[in-house]
Amino acid sequence: MVLERYTVPRLIREQAFIDREKYLKWYEESVENPDKFWGKHGKRIDWFKPYTKVKNTSFTGKVSIKWFEDGQTNVSYNCIDRHLKTNGDQVAIIWEGDNPYVDNKVTYNELYEHVCRMANVLKKHGVKKGDRVTIYMPMIPEAAYAMLACARIGAVHSVVFGGFSPEALAGRIVDCESTFIITCDEGLRGGKPVPLKDNTDTAIHIAARQHVHVSKVLVVRRTGGKTGWAPGRDLWHHQEIATVKPECPPVKMKAEDPLFILYTSGSTGKPKGVLHTTGGYLVYAAMTHEYVFDYHDGDVYWCTADVGWVTGHSYIVYGPLANCATTLMFEGVPNFPDQGRFWEVIDKHKVNIFYTAPTAIRSLMGAGDDFVTRSSRSSLRLLGTVGEPINPEAWEWYYNVVGDKRCPVIDTWWQTETGGHMITPLPGAIDLKPGSATVPFFGIKPQLVDNEGKVLEGAADGNLCITDSWPGQMRTVYGDHDRFIQTYFSTYKGKYFTGDGCRRDADGYYWITGRVDDVLNVSGHRLGTAEVESALVSHSLVSEAAVVGYPHPIKGQGIYCYVTLMAGHEGTDTLRQELVKHVRAEIGPIAAPDKIQFAPGLPKTRSGKIMRRILRKIAEDDFGALGDTSTLADPAVVDDLIANRQNKVTA
């Protein structure tokens, strides 16, 4: 498949903040003289006490990361108060409910009052600076109020995705010893209630058995559904906010005071509590939001993520609000009431910038173009993708069909640990290649190394490291700095190891090939699973594919493919053989699938990430070691895959 290169459209180039020349000039300064560069750009937020020290970081020894360390600021103040004098009546949050007929707009003045009241409720019940508050909420504005209220008084929030099980919630409560929880009676997803309060009650009992005792639970009423109630512990949000004042002064926070903990699941072992701090994180989230999305005053910006993930932290709440943006929060799912929901919301709210995940794009692509083309989408200017590499076929569909061949696709690579975008095109500066995250953001110094740590120059394929710090970088694993060093800095000394494989082409563009543990070694040849998946999805009948390795007596690893077909098509032996030939033609004989299993659905987390660990175990016939499947969007998918395990072919 020959990939086209897409140049920056003239209109985008003329309007953009950053053009090619400015990108090159700023990037050079950012890596040659980071103190000078970030010393200037750190001033994009307001400081109660200006910083005099910019960068104080070391990737060796005990590993220490400090930015703007003698400055004092407050994240909530920067996201709300500083906008009120000139933009108080501007819409801060557009909320689009699960039900297409329910929505709400919240201005910055209203946001100020909501956040101050919630902050005062926290203070009334004894929450103070440094205390950890767990937020277990659906995608409603109160989730953002809760985050900002914590930031306002210096409490450290730990947001837990509302799709997680009571066991997963309890593990996170215990790890950070949180004694205050903010939750909801029930969430709504696709018209169905999610029992958040009941899950919270179960999690509290589990945590108590591990000697962590939750003292208060603040409950937002969303559906009015029946829930259990513990008098003295449980508090109704609407009753509590009526008893407190609508003003709450922001606490002066040091730049390196913790802002939040966000847990990432390792493929094994207990989740890691990624710790982000106040000053550097906000500078980086705000700067990347403005320049990567070329955000202009008056734009309506929609990131479809959940606040339970880092994308929701950085690019629904903190980055946009720090920039006085209008940010859309969506409670629903892309296929309810039907697969046209995203495009209808774009028309309804005149969205200019749309940021979603490749898995959603592939799913909606599989539903056909009619759902897209019945909407106008004329307000769109930029499209973005996040969460995993996007295969070129989905990229082309997104660009051609959703964006009508006029909206650049901003393919962003970053991680929970990085706080913000790391490798990404800037829309007015960088030509696009479908499937490539393109080039590094300001201050980011990527390096490719082989398995022995030898630095690879020029066009190469290797392990992606970052050689110097940036303001948005995580500071530690909460409560376990040794694990932080071991996980990220021990594989390649003096470098942050991302855990991702990557290819750099002759133009210096970066192509993320997937997690290093998603690299297959077939007869001594390294193959990225993303590459094989991309080849499968380029077949006209394939909607989605997931590829894993399994032990092979001759090759070391064999290639096992799970394939979801376009609606209305059935898997046959003939189609299997056709797909094998197709992959051979696309990549070469080395990549020919050994086994193909047709799968109506793949095991995904609620954020849309495919759980490859489960697919590997099924491919290995190791059904007893599947681990916790409660965090899956649809756990029944796993049973179906096991039941149809024999529905495969040996090529």
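The simple spin-label model puts a point 7 Å past each Cα toward its Cβ; for Thr264 and Asp370 those points are separated by 4.2 nm. Scattering from the C-alpha atoms of region 85-183 alone, worked out with Debye: what is log10 I(q)/I(0) at q = 0.12 1/Å? After summing over all Cα pairs, the log10 values are -0.44.
Taking label positions 7 Å along the Cα-Cβ direction at both Thr572 and Asp517, the computed distance is 4.0 nm, reported to one decimal.
Using Cα positions and a limit of under 28 Å, work out the lysines in reach of Lys36, with same-chain residues fewer than 8 apart set aside. Excluding near neighbours in sequence, the set is Lys22, Lys25, Lys49, Lys53, Lys55, Lys62, Lys66, Lys252, Lys254, Lys445, Lys493, Lys495. Between the amide H of Ala633 and those of Lys604, Thr605, Arg606, distances stay under 5 Å, these residues lying 5 or more places away or on another chain, with hydrogens modeled in the peptide plane.
For the chain, with only Lys/Arg (+1) and Asp/Glu (-1) charged at the beta-carbon, what is the dipole magnitude about the Cα centre, in debye rounded to 20? Once rounded to the nearest 20, the dipole reads 1460 debye. Using θ = phi - 60° in the Karplus curve 6.51 cos²θ - 1.76 cosθ + 1.60, the 3J(HN,Hα) couplings for region 402-407 round to 5, x, 6, 6, 10, 10 Hz; x is entered for Gly and Pro. Lys129: which aspartates and glutamates have alpha carbons under 17 Å from its alpha carbon, excluding same-chain residues fewer than 8 sequence positions away? Lys129 reaches Glu177, Glu256, Asp257.
Here the gap between Tyr101 and Ile590, fully extended at 0.36 nm per residue and compared with their Cα-Cα distance, gives a gain of 170.9 nm. Can you count the Lys pairs in region 523-643 with C-alpha separation below 15 Å, eight or more apart or on different chains? So the count of such lysine pairs works out to 4.
Computed over the chain, the per-residue total of -39500 (n - 2.57) for DSSP H runs of n ≥ 4 gives a 222 nm mean residue ellipticity of -8500 deg cm²/dmol, rounded to 500.
Judged by the mean number of other Cβ atoms found within 10 Å, the most tightly packed of the peptides 500-511, 384-395, 319-330, 344-355 leads the ranking 319-330, 384-395, 344-355, 500-511.
Sort region 523-643 into rounded, prolate or oblate with this rule: let a ≥ b ≥ c be the square roots of the eigenvalues of the Cα gyration tensor; rounded if a/c is under 1.5, and if a/c is not under 1.5, prolate when a/b is larger than b/c, oblate otherwise. It is oblate, given that a/c is not under 1.5 and a/b is not larger than b/c.
Charge dipole (Cα centre; +1 on Lys/Arg Cβ, -1 on Asp/Glu Cβ; no other charges) of region 224-296 amounts to roughly 380 debye.
Restricting the GluC sites (Glu not before Pro) of region 508-576 to loop positions (DSSP other than H, G, I, E, B) with no more than 16 neighbouring Cβ atoms within 10 Å leaves Glu570. Neighbour counting of Cβ atoms within 10 Å sorts the residues His41, His238, fewest neighbours leading, into His238, His41.
At a Cβ-Cβ separation cutoff of 4.7 angstrom, cysteine residues of the chain with no neighbouring cysteine are Cys79, Cys150, Cys176, Cys184, Cys303, Cys324, Cys407, Cys465, Cys502, Cys561. Exposure proxy ranking for Thr73, Thr86, based on other Cβ atoms within 10 angstrom of each Cβ and starting from the fewest, stands as Thr86, Thr73. The separation of region 548-580 from region 339-415, counted between C-alpha centres, amounts to 28 Å. Taking other C-beta atoms within 10 Å as the exposure proxy, Phe598, Phe441 rank Phe598, Phe441 from fewest upward.
No lab work stands behind these numbers, since they all come straight from the coordinates. Predicted, not measured: the structure shown is a model, and the values here were computed from it. Virtual Cβ from ideal backbone geometry, glycine too; neighbours counted across all protein chains shown.
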